Amino acid sequence: MKILFIAPKIGSQAKWLVGISFLSAVLKKAGHKVDLLEIEDKKEIDQINSFIQSYQPQVIGLSANSHQYFYAIEIAKKIKSQFDIPVFLGGVHSTIRPEEAVEEDSFDGICVGEAEDSLLELVNRIEQKKDYTDINNFWFKRKDQVIKNNIAPLLIDLDQLPFPDYSIFKYFKEADGGEISPRFIFSRGCPFNCTYCCNHVFKKIYSGQGQYLRFMSVDRAVEQIRDFKKEYNFKHFKIDDDTFSLNKDWVLEFCDKYSKEFDMSFECNVRIGAVDEETLIAFKKAGCNLIKVGLETGNQDLRKEVLGRSISDQEVVELFNLAKKVGIKTFSFNMIGIPGETKETIQETINLNAKIKPDFMQVTAFYPYPETLLGQMCIEQGLITKGHIDCYMDESVLELPDLSSSQIKKEVRNFTYNVYKQYDRKKAAKEKMRQIKGFIISTPFLYKISRPIYRLIKKI
């Protein structure tokens with residue numbers, strides 16, 4: 001059968017989606033044909049039906065997070081206005097809010113949780129013209145009845161899965177032999193319960209269905225890199241596991257086997273308190289040149305009581321100092337606009353970053369994702385004053401007692417500059433120039449009258 005995945009990515013910079021990549025691989029292995037349509041601009045929604053007319057899929061799968069959910073509905077309605085093709089929704093949003101998603105008439109069904117086996121069974125039954133309303137992990141609405149099927153046990157042995165299919169994504173199609181920067185994920189699940197993350201919802205859904213945190217074998221991970229290297233040109237890659245450093249024995253074995261076969265650099269996410277000097281030394285020897293660390297806030301009380309992360313400032317400082325000692329660059333993730341945030345706590349986050357001096361920083365506005373503990377708290381306290389936004393990079397939907405959404409946006413935009421100005425005037429000046437340049441480019445009138453200035457800035 002022909003299956004078409006559609007991924008709304010409006011406001012997103014994601015180059016691949018891990019869920020779709022594995023689903024495509026499973027379907028292709030079973031003999032089905034798969035294609036992907038990535039929607040990166042709202043205008044492209046109007047072109048979807050012409051693509052469907054050309055490709056002629058028998059099944060359509062939409063994947064959406066909470067930012068993209070309303071676009072998924074719009075796309076499904078667009079498809080149903082012209083075609084009688086079954087459309088199914090999967091992804092994070094349908095998993096954490098199935099009761100909402102299943103009520104949308106444009107979806108013929110929704111998937112809750114991991115879907116490799118369930119989607120393959122659904123596609124096979126559609127091909128065989130058999131009833132599919134009893135398949136695990138899927139919910140269906142038939143007239144006034146909602147059919148809620150059971151959650152299937154988790155796949156424990158990740159080595160059973162085929163390698164993810166990158167070939168359907170635009171970024172890899174357009175590579176054409178050019179150098180790229182791919183991402184790999186070697187595990188599933190996370191043992192922590194950060195209040196701003198939906199991980200605790202997933203763990204509740206899969207309670208009693210097997211071990212939630214799972215790793216593929218080291219040999220399989222190395223084989224995946226080897227297999228990918230045959231197809232694509234790259235010298236550096238990113239390991240996207242949430243807590244790559246968590247399983248020390250696995251990591252040390254990986255570093256040893258990887259370094260014996262490859263001479264490529266990589267970067268990875270680590271959690272404070274879950275990585276030591278021995279691990280960092282192994283990282284360095286294997287080629288790791290950057291670790292990315294979730295700092296989130298410089299206020300210990302907010303970090304512990306609001307975000308659910310029992311990490312002290314001292315632990316933060318020790319990890320960044322240790323990375324510098326070993327010779328690995330650092331990257332800090334930061335959030336502004338957390339419930340309880342004030343100008344003083346923002347300054348604490350700025351001060352802590354100035355103290356640890358990360359080589360790179362990312363700062364975003366906090367977003368209250370539905371069904372997360374912190375998201376629910378925002379609803380209960382009446383802090384959410386805006387509806388849908390495409391991206392959480394600098395837009396806030398909250399009005400806090402001490403900070404308005406416009407103030408949060410301003411603090412996000414000035415954060416990096418405010419960090420640099422404490423210890424590196426050159427970097428601070430360069431960051432300010434970057435801000436001015438971005439503002440001019442995004443303002444047509446200013447760009448038009450400021451071309452001489454822009455030519456000068458462009459050279460910086």
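Side notes on the structure shown:
- Once backbone amide H atoms are built at 1.01 Å from N, Gly308 has Thr195 as its partners under 5 Å, excluding neighbours fewer than 5 places away on the same chain.
- Straight-line cross-link partners of Lys143 among the aspartates and glutamates, defined as a Cα under 18 Å from its Cα and at least 8 positions apart when in the same chain: Asp84, Glu99, Glu100, Glu103, Glu104, Asp105, Asp108, Asp131, Asp134.
- Residues in region 298-304 carry Karplus couplings, in order, of x, 9, 4, 5, 4, 4, 7 Hz; the curve used is 6.51 cos²θ - 1.76 cosθ + 1.60 with θ = phi - 60°, and Gly or Pro positions show x.
- Region 2-148, relative contact order [Cα under 8 Å, separation at least 6], %: 21 percent
- Unit charges on C-beta of K, R, D, E only; dipole of the chain, Debye: 2000 debye
- Degrees, to the nearest 10: 343-356 long Cα axis against longest axis of the chain: 80 degrees
- Note that region 193-203 has calculated 3J(HN,Hα) couplings of 10, 4, 5, 8, 10, 8, 4, 5, 5, 4, 5 Hz, one per residue in order, obtained from phi through the Karplus relation 6.51 cos²θ - 1.76 cosθ + 1.60 (θ = phi - 60°); glycine and proline are x.
- Phi to ³J(HN,Hα) by Karplus 6.51 cos²θ - 1.76 cosθ + 1.60 over region 272-285, Hz, x for Gly, Pro: 4, x, 10, 8, 10, 5, 4, 5, 5, 5, 5, 3, 4, 5
- Length-normalised contact order for the chain - Cα pairs under 8 Å, 6+ apart - percent: 11 percent
- Pairwise centroid distance, computed over Cα atoms, of region 329-392 with region 201-275, Å: 27 Å
- Share antiparallel - DSSP beta bridges, region 176-423, percent rounded to 5: 10 percent
- Ranked by the mean number of other Cβ atoms within 10 Å of their residues, highest first, the peptides 426-438, 21-33 fall in the order 21-33, 426-438.
- For Leu295, nonlocal amide neighbours, meaning residues 5 or more places apart or on other chains whose placed amide H falls under 5 Å from its own, are Phe333.
- Simple spin-label estimate for Glu99 and Asp159 gives 4.2 nm between the two label positions (7 Å along the Cα-to-Cβ direction from each Cα).
- Taking region 176-423 and dividing mean pair separation by its residue count, relative contact order in percent (alpha carbons under 8 Å, at least six apart): 17 percent
- Bridge type composition, region 292-440 - antiparallel percent by DSSP, nearest 5: 10 percent
- For region 82-158, the square roots of the Cα gyration tensor eigenvalues, ordered a ≥ b ≥ c, give a/c of at least 1.5 with a/b no greater than b/c, which places it in the oblate category.
- Rounded Å value of the spacing that divides the Cα centres of region 1-57 and region 155-176: 13 Å
- Where only DSSP H runs of four or more residues are counted, the chain gives -12000 deg cm²/dmol as its mean residue ellipticity at 222 nm, each run worth -39500 (n - 2.57).
- Rounded to the nearest 5, the antiparallel percentage of DSSP beta bridges internal to the chain is 20%.
- Tensor-based shape of region 141-242 (alpha-carbon gyration tensor, a/c under 1.5 rounded, otherwise prolate or oblate): prolate
- In terms of its alpha-carbon gyration tensor, region 1-116 comes out rounded; the largest-to-smallest axis ratio a/c stays below the 1.5 threshold.
- Identified option (computed Rg and Dmax of the Cα atoms in Å; candidates (i) 26.6, 85; (ii) 23.2, 68; (iii) 22.2, 78): (ii)
- Amide hydrogen neighbours beyond the local backbone of Lys141, cut-off 5 Å, H modeled: Ile147
- Packing-based exposure ordering (other Cβ within 10 Å, fewest first) of Met216, Met335, Met1: Met1, Met216, Met335
All of the numbers you see were taken from the coordinates with simple rules; none came from a lab. Since this is a predicted model, take the numbers as computed values, not measurements. Quick reminder, even Gly has a Cβ in these numbers, built from the backbone with ideal geometry, and neighbours come from all protein chains shown.
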